[in-house]
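The values are calculated or read from the model by the stated rules, or taken from the named source; none is laboratory data. Only a predicted model underlies this, so the values are computations on that prediction, with no experimental measurement involved. When the accessible area is computed, the model is the full protein with side chains, heavy atoms only, and any ligands, DNA or RNA have been set aside. Shrake-Rupley method; radii C 1.70, N 1.55, O 1.52, S 1.80 Å.
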Amino acid sequence: MKPEFLAINPQHCVPTMVDGDLALWESRPICTYLASQYGKDDSLYPKDPKTRAKALGWLNDWLAGHDWAVGNNLTVADHSLVATVSTMEATGIDLAKHTNISSWLGRCKTKM
C-alpha cells in the first residue's frame with residue numbers, strides 16, 4: 001500500500017512488473033509481454049492470432065494429435081495453463097480420464 005507501488009499499480013496486486021516506462025500487473029499480460037519483447041523468436045508466443053487463440057478451447061481436445069496446447073512447441077499458453085491444471089491435480093481432481101491432459105502435464109513437469 002506504499003505510494004510508490006500504488007503509482008505503478010493502482011489495483012495493488014501481485015505480480016507487478018516494471019520494464020522501462022511500462023508497468024504491468026497480472027501474470028498473463030506480463031508473460032505475453034516478456035515473450036514478445038525478449039523472446040528469440042515467436043515460439044513461446046506465436047505471432048499468428050489464430051494459433052494463440054487455440055489455447056482457449058477445451059484443453060483435452062486441443063491436445064489431441066500434438067504435444068503442447070497450441071501445437072508442437074511449448075508456448076506461454078502451456079505455462080499459463082499448467083498452473084491451473086497442476087493445482088487441480090494437487091487438490092485431488094482425477095485427471096486420468098483426460099489422457100491427453102495427463103500426458104501433457106507429464107511433459108510440462110519434465111520440460112518446464
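Observations on the structure shown:
- Taking all protein chains together, M17, M112 sort by accessible area into M112, M17, largest first [probe 1.4 Å].
- For the chain, built as a Gaussian network whose Cα springs stay under 10 Å, the top-fluctuating residue of V85, V14, V76: V14
- Accessible area (Å², per residue) of the chain, counting only protein heavy atoms and a probe of 1.4 Å: 67
- Normalising the Debye intensity of the chain to I(0), with uniform scatterers on Cα atoms only, and taking log10 at q = 0.11, 0.14, 0.22, 0.24 Å⁻¹ returns -0.44, -0.66, -1.17, -1.29.
- Surface share of carbon and sulfur [accessible, 1.4 angstrom probe, percent] for the range 21-101: 56
- Look at where the Cα atoms of the range 1-63 and of the range 68-112 average out, and the two centres are 19 Å apart.
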